[in-house]
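Participant: Before anything else, here's the structure in question.
Just so it is clear, none of the values below were taken in a lab; they were calculated from the coordinates. Just so it is clear, the structure is predicted and the values come from calculations on it, not from any experiment. In this analysis, Cβ positions are derived from the backbone assuming ideal geometry, glycine residues included, and neighbour counts consider all displayed protein chains.
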Amino acid sequence: MASIFANGTLVSISSTFSEAQTISAITNAASAVATVSGTLSQGDIVLLASGWSGINQRAARVSAFATSAATLENIDTSDTDVYPTGEGAGSIIAVKDWVPINQIAEVSKSGGDANYEQWQFLEDRTGLQRQRPTYRSAKSIDLTMHFDPQFAWYKALLAANAAGDLRVLKIVSPSGDVALYPVYVSFDGDPTLEINTNETVSASFALAAPYTYYPAA
């Protein structure tokens, strides 16, 4: 039985990336190995662009690198029905700089709900409605911070909102677990105003692909 509090969790957003490198091939494996055109380092956090939709826009951690081969930890491409052999080529960029987001007062998540196609047969006199799953709704993370435009995250979130490009939201638990979220940032920096209450600002992070989780060693 576990009892886990979020108190002490650290959140940061990527601010700059390296130049894109070509991925000429990716293996089918529990931790896929990408053949890249340049150099990466163990521990690098990367964003993927791939012909495999299942890992396209995913964030990952490089667990090993040698002779153009980057091992993408916990990026499981072993199912060749989902990841047809030879079709995973694309590109990769590595996070160069992170900006911590502090003074977080509230965190909320939304989306991920299952949706269903529902129908009823004309001849069925029982009146039974049938259904089958179709897709899951897109997910978002919302953060509310105490307003202070002097912090680096305030400018970084404004820049990410203006750029409209894909970023990585990194959440590290007090125990050292790491969650990587590939996100689009929505933030206008306008604080809320309410008497006897600290001014706050809110940022919304829309997930472009599933998150990647790395338990503490």
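Participant: I'd like the Kirkwood hydrodynamic radius of segment 18-100, using the inverse of the mean 1/r over distinct C-alpha pairs, in Å.
Facilitator: Values: mean 1/r = 0.0807 Å⁻¹.
12.4 Å is the Kirkwood radius here.
Participant: For Asp79, put the label point 7 Å out on the Cα→Cβ axis and report which residues of segment 127-154 keep their amide N under 18 Å from it.
Facilitator: 133-137, by backbone N distance to the label point.
Participant: Mind checking the full-extension length gain between Arg130 and Ser110? Use 0.36 nm per residue of separation minus the Cα-Cα distance, one decimal, nm.
Facilitator: 4.5 nm
Participant: Within 10 Å, at most 14 other Cβ atoms, and a DSSP state outside H, G, I, E, B define an exposed site. Report the longest part of the chain free of exposed GluC sites (Glu not before Pro).
Facilitator: The reported range is 124-193.
Participant: Which is the longest part of the chain that has none of the chymotrypsin sites (Phe, Trp or Tyr not before Pro) sitting in a DSSP loop with at most 11 other Cβ atoms within 10 Å? Mind showing how you got there, number by number?
Facilitator: Working: sites that count: Phe5, Phe121.
It runs 6-120.
Participant: For a label point 7 angstrom out from the Cα of Thr9 toward its Cβ, which stretches of segment 90-120 have the backbone nitrogen within less than 17 Å?
Facilitator: Counting backbone N atoms under 17 Å from the label point, the list is 100-112.
Participant: While we're on this one: Between Glu19 and Ser186, 0.36 nm times their residue separation minus their Cα-Cα distance comes to what? The partial results should precede the final answer.
Facilitator: Details: separation 167, 0.36 × 167 = 60.12 nm, distance 2.41 nm.
Between Glu19 and Ser186, full extension yields an extra 57.7 nm.
Participant: Then there's this: What distance in nm separates the two pseudo spin-label positions at Tyr211 and Ser91, each 7 Å out from Cα along the beta-carbon direction?
Facilitator: The two pseudo-label positions are separated by 2.8 nm.
Participant: What value, in deg cm²/dmol to 500, does the helix sum -39500 (n - 2.57) over DSSP H runs of n ≥ 4 give at 222 nm once divided by the residues of the chain?
Facilitator: -1500 deg cm²/dmol
Participant: Can you grab the distance from the C-alpha centre of segment 11-82 to the C-alpha centre of segment 118-185, Å, no decimals?
Facilitator: With segment 11-82 and segment 118-185 each reduced to a Cα centre, they are spaced 22 Å.
Participant: Quick one: length gained pulling Asp177 to Phe121 fully straight, 0.36 nm per residue minus the C-alpha distance?
Facilitator: Gain on extension, Asp177 to Phe121, equals 15.3 nm.
Participant: Under the Kirkwood approximation for Rh and a Cα-based Rg, what ratio Rg/Rh is obtained for the chain?
Facilitator: 1.06
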